Amino acid sequence: MPGFLKKLSSLFPQSSTPRIEVAYWRTNSTILVSLDKDWKNSWKMPPFALKSGSKISSVSRIPPIFWSAISGYYFDEENVVFILHPSIYRDYYLPIDSVIYVAGTFNDWNPAGASAWKMTYHSFGQFGAWAVRVPRTRLFDGGQKTKEFFKFITADGKWIEPPAGTFTLTDDGFGNRNLCLDSERTGWNAFRIVCEKAMDVTRQEEVVWTSPKEQLHSVPVKTGYFLSLIYSDARLGATVSRSGRATAFRLFAPRAMRVSVYVHASGSAPAISRELKPILNGVWETEIPENLHGRHYDFFVEGRNSDTTTAFEPNRPILDPYAKACVSCEGPGIVIDEHRFGFPAKKFTPPHLSDLVISEVHLRDLIARHPKFRNLKRPLGFRDLAEWVRSDDCYLKNLGVNAVELQPIQQFDSKKAEDYHWGYMTTNWFSPSSAYASDPARATQTEEFRDLVAAFHEQGFAVILDVVYNHVGEPNHLFRIDKNYYFDLDFHGNFTNWSGCGNDYRADRPMSKRLVIDSLLWMIERYGVDGFRFDLAELIGIPALRGIESAVRERHPDCILIAEPWSFRGHIAGALKSTSYSSWNDGYRDYAAKFVHNCVNLDGFRYFISGSPDYLATFPAQTVNYTESHDDRCWLDRITECGNGNAANPTRNDRRRTHLMFAFLLSSLGVPMIAEGQDFLRTKHGKNNTYLDGEENALDYARMKKFAGTQSFVANWIRFRLSPQGRLFRQRANVPKGFFRFFPDQTNTAAVVIYNDSHIQGKLQYILTINPRTVPAQVQIPSERFSEFRCIATTEVFDIDGVPAEEGFSLVANMLTLPPLSCSLWVNGD
């Protein structure tokens, strides 16, 4: 017996014979086994066998340092070494300078910054991890056998949840998952079984304890870690050969026992049923010697539901995740001959990221109340919006934005085409939604959506798709292919729900990430899409987002990538700084609503108008500044003086505060985003969540006439921002010190800002003034600074040729007086 193990044996006498606790497939020929106690026999391995009778080639100990990666600790002489291995905690972005602590029952779950519990990053030869060495006496009282519970926590108080499959994972009965520190499991309890040949891991296997002197027992071999490694580059979905004489069907189903495809009858063509055969790395395939373009098909997947990580229903049709078109959210899929479908007719070059002004829009909201479509009895779709975009009535052209961010158009789970849907419950990521197609059974959505993208491009708009890769809608087809591979599960094998939509997609697994990447590339290359906004990107996770970024940029370097950087679990905007993603700036949204009501000081104003440097952005266009999106109350209802947040009849102050907001938004560095109709004082009558309310969301164009002054004000601001003379607002890199100069009033709530104060970017300069107070504000400023400037915008008017200063605006000596609830923009130079 090794000296260390002998010493531990005397400290913690073993009470009984070890039992097998858990077993996992590591590869298809290797099994990792953990006992519930240390195995203290140094000259003989445990009596393992496989229930199937398959032969074992060898059994060996896993070194404690490696066992610690999947347990969180190991014993080292008189110490316990706690280890956080980043490859196990792949859902978390943890730079090596992260400050992490170990917290548990031994320190009342509150390390409180104590150095004794602080972990530091170390190299352990073959891997790097965070570790801290703690004397055993601080953890166990008097050397008695005991268990303690722990997990890891960041310096800012965020728990790092242990993933399912960790060897020492426990559940406290209240939904909390912790790791268990056990004095009888010190790291000498873990073993590796190597099988003589590769095994079928879809078959139920068990590791058996065979010693005749102890009680015979066994545990099933789980597939968690094996699944997380599987990858195939085989072409998936329904693929018509280049010759056009055959159609191949392939599906990734790593734990299925049987897969078949059913091709529906069509006209005189009979139905076809074929079983697929397993090939390498979880892929099944078959080939039918016909060109099946336009035919409908379903997969059927059969397997053993041995635990809660599977959900096979052999008689239930499954929509192909790679189907290029779908009849409905239920399926069936439609075979598309990619050689016939081809590519977009024209190449469009989107504006540079720093030159974007985006409008977030919903397909039906834009046209539902337009006179041309209002009386149609059929559901509105891609071809209707394309017609509107090409018409003179397309208000987005008059507004002047140069990009649209379309709420999800990938196949979503509306039951009927006429049902209103925001699109955030997707069931297929390759097919444009059947709900927006004129004849979905004939796959018209493919050509109709491509024509819509072309229509936007013809009118000078880049097209950004809002995409949902953090969860899926109903029916959940991926769930029935392999629940554990595609979804994050809790300790009991149930879906986690940090999305708030019932499940969380595991985008970090190789084939899950490939599914995302392949669908993005399909949308870019076959439809001409220019970029994507990733819904609840925190759930996708930094590692997967980086992989997606790399794969997309390798083929399309100019693709626009935008992340909504939060979920119910956390926020990753800071972590995205080292990527090329831009982030929705929720801090900007919240600050703006308070700023126009004079409820905050100018510290946030300086930060946000400068492009949110340091925390959020490493370059200005990395922040997407917005004050309204589809979620929650719209801007006007949020800031209105009217009761119940119903701004159907906004007050004069509501309107002026909105003009102040637009001046702030369109003069801030970064990418501005405007919600549809926000520029003509859209209201949802105080309603907070309108995701099912098409009537409330549809744009009321009567308000565009009623509030034409606001619409014109915003359009002129946008035109100036995008003009050569507006270039100071469109910085491609962080501005140097001296670019901005701020002059606050005595209350630190009203301000005068000079752009390019130091002339480091030539002679062109702006002066922006904003007073969110309901009384005049006075700002001390050198009077000579205004002598060469001309006013081009006030609170009500914008004219590049110049406008008179607003009534109440005056400069006497060095004291500038700003009218109540006012803004202005002044320009000097070329």
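The values are calculated or read from the model by the stated rules, or taken from the named source; none is laboratory data. What you are looking at is a predicted structure, and each value in this text was computed from that prediction instead of being measured. All Cβ positions, glycine included, derive from the backbone under ideal geometry; neighbour counts span all protein chains shown. What goes into the accessible areas is simple: the full protein's heavy atoms, side chains included, and nothing from ligands, DNA or RNA. Shrake-Rupley method; radii C 1.70, N 1.55, O 1.52, S 1.80 Å.
Looking at the stretch 636-682 only, could you name the residues that are surrounded by 24 or more Cβ atoms within 10 Å (Cβ to Cβ), touching a Gly at 6+ places or on another chain (Cβ under 6 Å) and more than 16 Å from D590 (Cα to Cα)? Within the stretch 636-682, L669, G670 qualify.
Can we say A112 is out of contact with any Lys or Arg (no Cβ under 7 Å at 6 or more places or on another chain), outside any strand (DSSP E or B), open to solvent by less than 50 Å² (accessible area, probe 1.4 Å) and farther than 26 Å from R506 by Cα? Reasoning before the result, please.
Working: out of contact with any Lys or Arg (no Cβ under 7 Å at 6 or more places or on another chain): yes; outside any strand (DSSP E or B): yes; open to solvent by less than 50 Å² (accessible area, probe 1.4 Å): no; farther than 26 Å from R506 by Cα: yes.
Here the answer is no, as A112 does not meet what is asked.
Checked against the criteria, Y469 does not count as surrounded by fewer than 23 Cβ atoms within 10 Å (Cβ to Cβ), part of a loop (DSSP other than H, G, I, E, B) and within 24 Å of the chain's Cα centre (by Cα).
This table checks each residue for (1) surrounded by 18 or more Cβ atoms within 10 Å (Cβ to Cβ); (2) part of a helix (DSSP H, G or I); (3) touching a Pro at 6+ places or on another chain (Cβ under 6 Å).
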{"position": "Y691", "(1), (2), (3)": "no, no, no"}
{"position": "E696", "(1), (2), (3)": "no, yes, no"}
{"position": "L699", "(1), (2), (3)": "yes, no, no"}
{"position": "R703", "(1), (2), (3)": "yes, yes, no"}
{"position": "G709", "(1), (2), (3)": "no, yes, no"}
{"position": "V714", "(1), (2), (3)": "yes, yes, no"}
{"position": "F720", "(1), (2), (3)": "yes, yes, no"}
{"position": "L728", "(1), (2), (3)": "yes, yes, no"}
{"position": "Q731", "(1), (2), (3)": "yes, no, yes"}
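When I767, I754, I760 are checked against the criterion of being farther than 26 Å from N653 by Cβ and in contact with a Lys or Arg (Cβ under 8 Å, 6 or more places away or on another chain), a single residue qualifies: I754. Within the stretch 651-670, restricting attention to residues that are outside any helix (DSSP H, G or I) and hydroxyl-bearing (S, T, Y), the residue that is farthest from G400 (Cα to Cα) is T651.
Applying a threshold of 9 Å to beta carbon distances and a minimum spacing of six or more residues, or different chains, the list of pairs starting in the stretch 109-131 at a residue that is in contact (Cβ under 8 Å) with a residue 60 or more places away in the chain and ending at one that is part of a helix (DSSP H, G or I) and not basic (K, R) reads A129/S68; A129/A69. Here the strands (runs of 3 or more DSSP E) wholly within the stretch 232-337 that include at least 2 residues being open to solvent by 10 Å² or more (accessible area, probe 1.4 Å) and free of Cβ contacts under 8 Å to residues at least 24 places away in the same chain are 272-278. For the stretch 472-494, the candidate set comprises residues that are acidic (D, E) and in a loop (DSSP other than H, G, I, E, B); within that set, the residue that is least open to solvent (accessible area, probe 1.4 Å) is D488. Of the listed requirements (1) farther than 30 Å from K324 by Cβ; (2) open to solvent by 20 Å² or more (accessible area, probe 1.4 Å), A592 misses just one: (2). Scanning the stretch 608-635 for residues that are open to solvent by less than 10 Å² (accessible area, probe 1.4 Å), of a type in the set (A, V, I, L, M, F, W, C), modelled with pLDDT of 95 or more and within 22 Å of the chain's Cα centre (by Cα) yields A621, V624.
Of the residues that make up the stretch 372-379, is at least one more than 30 Å from K483 (Cα to Cα), touching a helix residue (DSSP H, G or I) at 6+ places or on another chain (Cβ under 6 Å) and modelled with pLDDT under 95? The answer is yes; a qualifying residue exists.
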